[in-house]
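The values are calculated or read from the model by the stated rules, or taken from the named source; none is laboratory data. Owing to the predicted nature of the structure, the values given are computational and were not obtained by experimental measurement. Positions of Cβ are backbone-derived with ideal geometry, glycine not excepted, and every protein chain shown enters the neighbour counts.
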Amino acid sequence: MQHTSKLPNIKTTIFTVMSDLAQKHQAINLSQGFPNFECNSELRELVTKAMADGFNQYAPMPGVFELRNEVSKKIERLYDAYYHPENEITITAGATQAIFTAISTFVYAYDEVIVFKPAFDCYEPAIELSGGNVIPIQLKAPEFDVDWIEVERNVTTKTKMIIINTPHNPTGRIFNEKDLFELQRITDGTNIIVLSDEVYEHIIFDGLKHQSVCKFQGLKSRSIIATSFGKTFHVTGWKIGYCCAPKELMDEFRKVHQFNVFCVHQPSQIAFTEYLKEPKHYLRLNDFYQQKRDLFLDLIGDTPFKFIPSQGTYFQNLDYSEITDENDVDFSIRLVSDYGLASIPLSEFNVDNLDFKTLRFCFAKNDETLKRAAEILNKIK
């Protein structure tokens, strides 16, 4: 049989490559973004109870209503914005499924989608599968600020969607209020949909505030928000998140969602319904992860690695340009094979693999792991 690949240029994701290398060399894995500590035992007990209580069949297609209602209340409490739980919130199989469904719902052949690079690697394949064209906007190290004049120059009559990610993976920066006002200004009077990946909304440091698109009325009316219970509550393997959008967008989203996954694991939905009723479960995350970021950075403060402290997410970028001229892929591989520490080279997410001599490290690890990783980094000169 012969066939033509729909994604001829896609190779094995760098996350898989680096995790496989970490396993091969028995290295400390700070590459892939998942915690190596357990979730709250209360949450596990709630899922177990839900299964014991018989919630083991299909959930409603858009999600358990009581969970959608708790999500609605959480958003209103945090951002003073309202989404109707009946027709503006859908429970998804993680944020990745929400993002894929949103793109495949609204992007047609030859539509243009603006993507800020470095970008998480699930956006572009979904655009290509839908027949759309990626319009990359390269952010520049080390601050990775957005040049909104450049964005405006790239908006055309073919622009169907702009994808933002805040807090931003892999750079750790957040979109501030000025950024969102600029995005609102540029999209005003257009039919452009904004897809906002906000999976790290509860992981922000140094007193900064998450600027969700739903706080800006001109953006809320045209935006789809994707977020994640897995990232927030240390259960990435459960693959559960949610999507919010105005009814006219959500109606279309659900047409695809129902044939994409139909529904999501019901026991988890029942558990999160109860768990979200206590706001401290997500409001304490900023301090929890800032302590880990600060510990990691304090331990490597005397190394040749340069850094700007991450503003959000659980990732920290380290500039190694004072250590070697190697490209970041080669250096990251050598860091695994020679030193036993796995990271992610940022060039994998840049336009034309632009190399800033920067590696991304995940600090969502227990303190012992972070200390062992720091010991390794202190040996590199």
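Matching residues to (1) outside any helix (DSSP H, G or I); (2) among the acidic types (Asp, Glu); (3) touching an Asp or Glu at 6+ places or on another chain (Cβ under 6 Å); (4) surrounded by fewer than 19 Cβ atoms within 10 Å (Cβ to Cβ):
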site	(1), (2), (3), (4)
Lys209	yes, no, no, yes
Thr227	yes, no, yes, no
Lys231	no, no, no, no
Glu252	no, yes, no, yes
Phe259	no, no, no, yes
Phe262	yes, no, no, yes
Pro267	no, no, no, no
Phe272	no, no, no, no
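What residue, of Arg372, Arg360, is part of a strand (DSSP E or B) and not small (Gly, Ala, Ser)?
Arg360
Quick grid of which residues meet (1) under 30 Å from Asp251 (Cα atoms); (2) at pLDDT below 95:
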| position | (1), (2) |
| --- | --- |
| Val17 | no, yes |
| Ile28 | no, no |
| Gln32 | no, yes |
| Asn56 | yes, no |
| Pro60 | yes, no |
| Gly63 | yes, no |
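If you go through region 1-22 one residue at a time, how many are exposed (fewer than 12 other Cβ atoms within 10 Å of the Cβ) and without any contact (Cβ under 8 Å) to a residue 12 or more places away in the chain?
Count: 9.
Every residue, every condition in (1) farther than 20 Å from Lys231 by Cβ; (2) charged (D, E, K, R), yes or no:
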| site | (1), (2) |
| --- | --- |
| Arg284 | no, yes |
| Gln290 | no, no |
| Asp298 | yes, yes |
| Gly301 | yes, no |
| Phe307 | yes, no |
| Thr313 | no, no |
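Does at least one position in region 146-163 carry a residue that is part of a loop (DSSP other than H, G, I, E, B), surrounded by fewer than 18 Cβ atoms within 10 Å (Cβ to Cβ) and either in contact with an Asp or Glu (Cβ under 6 Å, 6 or more places away or on another chain) or modelled with pLDDT under 95 (or both)?
yes
Output the helices (runs of 4 or more DSSP H) that fall wholly within region 10-113 and possess 1 or more residues being outside the structural domain of Met250 (by TED's automatic domain parsing) and more than 28 Å from Ser196 (Cα to Cα), or say none.
In region 10-113, 14-24, 41-52 are the helices (runs of 4 or more DSSP H) which contain 1 or more residues that are outside the structural domain of Met250 (by TED's automatic domain parsing) and more than 28 Å from Ser196 (Cα to Cα).
Quick check on Thr303: is it out of contact with any Phe, Trp or Tyr (no Cβ under 6 Å at 6 or more places or on another chain), farther than 26 Å from Lys209 by Cα, outside any helix (DSSP H, G or I) and of a type in the set (S, T, N, Q)?
Answer is yes for this residue.
Any idea which residue in region 306-323 is farthest from Asp206 (Cα to Cα), counting only those that are in a loop (DSSP other than H, G, I, E, B) and in contact with a His (Cβ under 9 Å, 6 or more places away or on another chain)?
Looking at residues that are in a loop (DSSP other than H, G, I, E, B) and in contact with a His (Cβ under 9 Å, 6 or more places away or on another chain), I get Thr313.
Filter region 274-285 down to residues that are surrounded by 14 or more Cβ atoms within 10 Å (Cβ to Cβ) and touching an Asp or Glu at 6+ places or on another chain (Cβ under 9 Å) and give me whichever is nearest to Lys74 (Cα to Cα).
Leu276
Modelled with pLDDT of 95 or more, in contact with a Pro (Cβ under 8 Å, 6 or more places away or on another chain) and surrounded by fewer than 23 Cβ atoms within 10 Å (Cβ to Cβ): which single residue out of Glu322, Glu375 fits that description?
Glu322
Search region 274-300 for residues being touching a residue at least 60 places away in the same chain (Cβ under 8 Å) and not in a helix (DSSP H, G or I), and hand back the single one that is nearest to Ala342 (Cα to Cα).
Ile300
From the list Ala102, Ala81, Ala50, pick out the single residue that is at pLDDT 95 or above, within 30 Å of Leu183 (Cα to Cα) and either buried (at least 21 other Cβ atoms within 10 Å of the Cβ) or of a type in the set (Ser, Thr, Tyr) (or both). Explain how you work it out, then say what you get.
Values: Ala81 fails: either buried (at least 21 other Cβ atoms within 10 Å of the Cβ) or of a type in the set (Ser, Thr, Tyr) (or both); Ala50 fails: within 30 Å of Leu183 (Cα to Cα).
Selected residue: Ala102, the only one of Ala102, Ala81, Ala50 that is at pLDDT 95 or above, within 30 Å of Leu183 (Cα to Cα) and either buried (at least 21 other Cβ atoms within 10 Å of the Cβ) or of a type in the set (Ser, Thr, Tyr) (or both).
Which of the numbered conditions does Thr48 fail, given that it passes all the others? Conditions: (1) closer than 30 Å to Ser337 by Cβ; (2) out of contact with any helix residue (DSSP H, G or I) (no Cβ under 6 Å at 6 or more places or on another chain); (3) among the β-branched types (Val, Ile, Thr).
Of everything listed in (1) closer than 30 Å to Ser337 by Cβ; (2) out of contact with any helix residue (DSSP H, G or I) (no Cβ under 6 Å at 6 or more places or on another chain); (3) among the β-branched types (Val, Ile, Thr), Thr48 misses just condition (1).
Yes or no: region 105-118 includes at least one residue that is among the polar types (S, T, N, Q) and within 26 Å of Phe315 (Cα to Cα).
No, because not a single residue in region 105-118 is among the polar types (S, T, N, Q) and within 26 Å of Phe315 (Cα to Cα).
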